[in-house]
Every structure is written in structure tokens, then in C-alpha cells.
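Comments concern the structure below.
The values are calculated or read from the model by the stated rules, or taken from the named source; none is laboratory data. This one's a predicted model, so the numbers in the text were calculated from it and none came from an experiment. When we count neighbours, we look across all protein chains shown, and the Cβ atoms used for this are built from the backbone with ideal geometry, even at glycine. The accessibility values were calculated without ligands, DNA or RNA, using every heavy atom of the protein model including side chains. Shrake-Rupley method; radii C 1.70, N 1.55, O 1.52, S 1.80 Å.
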Amino acid sequence: MTTTAFGPTHVVPPLGMPAWEAPDPARPTVPLDPLLPVRLLERRGDWGHVLCANGWQAWVDGRHLVAVPQDPPLADAPPTAVADPRPLLARAEEALARYRAAVEELAGGALDGESFRRRTRDLRIGVVVDGESMWLYDSAEERWVYGDGTRLSTYATDHPPGAAPVPGAA
């Protein structure tokens, strides 16, 4: 029999959280303990179906789960062609500034919803900074890179290994 090691994707918030047998508020079950590691199996709207390390499963309000950062690439992994994070950081800043400007115009009534969607349609940004570690989305290469302050290395891509990115794919 082959068993797979449990790998959490999230933890329960520090105050714990209610749980349900099914994505139905009429079917409550035992609440989950604070900071309990769980694996998110499925999402249905705001509902999250989680697996606990002991094999128990429940449905929770998935919006409140706290994501667990995945381990960065190994230190001996080959560096990518992108060595300097500053150009990617500058592109992220520009995208965030464009998004914020559109939000300001929408909130101020200068844009309607459809104009806002058109203005923000192709914006892609992703930045996670945790101390010296940084995960940054490179939208031009459709990949996440990990940086430790000295170099960047590819962490995950939007396309299968060996496949070229599809131009314009999200």
C-alpha cells in the first residue's frame, strides 16, 4: 500500500473556525482547532473542503483559511536568466499603480464597471514578501520566481515543463 505524506496548504486562523459536514450551514460539525494544518481539497464559492492530517474532512469558510507558503527552491537549483529582481519589481509597481488609478476612477464615478474591466483586463501582478524571501510573478514569462535577496530562480510556471508559454495566455 502506498501512502502519501500529508502536506498542508493552509492553517486554521488563530481563533479556530466553525466547520460543517457539507457546504450547507444547516449541517454544523465540530469546530477546527486554532492553527490546525489542513489541505484545501476543493472550493465552491466561499466554501472550502479541507483535509486534516488525521484524515478527517470538513467544509469551512475558505475565505478565512491562512495560506502556508510553499518551500522555496533548493539553494543548489540552477539560477535562471533573471538574476536581478529590480526590473520585475518595477513592472509590479507599474501594474499596481495602474490598477490603483483605475480603482480611484471607479470609486470616484469617472469609470463604469465595464470600463474598469477593460482597463484592468490584462493586468497581472503577484508579490509575496516574507522577511528576506520574496515570490514575484513574472507575467511576461508566465512564472513565479523566488528571490532571497541575491538571486532569482523559477519557482512555478503557468505551463507544463518543456512547453513554451502561450502568448496572451493567462
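Descriptive notes on the structure:
- Condition check for VAL129: at pLDDT below 85 and surrounded by 13 or more Cβ atoms within 10 Å (Cβ to Cβ): no
- Summed over the range 83-129, the residues that are within 15 Å of LEU152 (Cα to Cα) and either touching an Asp or Glu at 6+ places or on another chain (Cβ under 7 Å) or touching a residue at least 60 places away in the same chain (Cβ under 8 Å) (or both) give a count of 4.
Table: residues versus (1) over 27 Å from TRP135 (Cα atoms); (2) open to solvent by less than 70 Å² (accessible area, probe 1.4 Å); (3) polar (S, T, N, Q).
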{"site": "ALA5", "(1), (2), (3)": "no, no, no"}
{"site": "PRO8", "(1), (2), (3)": "no, yes, no"}
{"site": "PRO18", "(1), (2), (3)": "yes, no, no"}
{"site": "LEU36", "(1), (2), (3)": "no, yes, no"}
{"site": "ARG39", "(1), (2), (3)": "no, no, no"}
{"site": "ARG43", "(1), (2), (3)": "no, no, no"}
{"site": "GLN57", "(1), (2), (3)": "yes, no, yes"}
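- Top-ranked residue in the range 45-54 [being open to solvent by less than 70 Å² (accessible area, probe 1.4 Å) and of a type in the set (A, V, I, L, M); ranked as farthest from PRO13 (Cα to Cα)]: LEU51
- Sub-8 Å Cβ pairs linking a first residue in the range 30-46 that is within 13 Å of LEU65 (Cα to Cα) to a second residue that is loosely packed, with under 13 Cβ neighbours inside 10 Å, at least 6 apart or interchain, are PRO34/PRO14; PRO34/LEU15; LEU35/PRO14; ARG39/GLY7; ASP46/ARG63, ordered by first then second residue.
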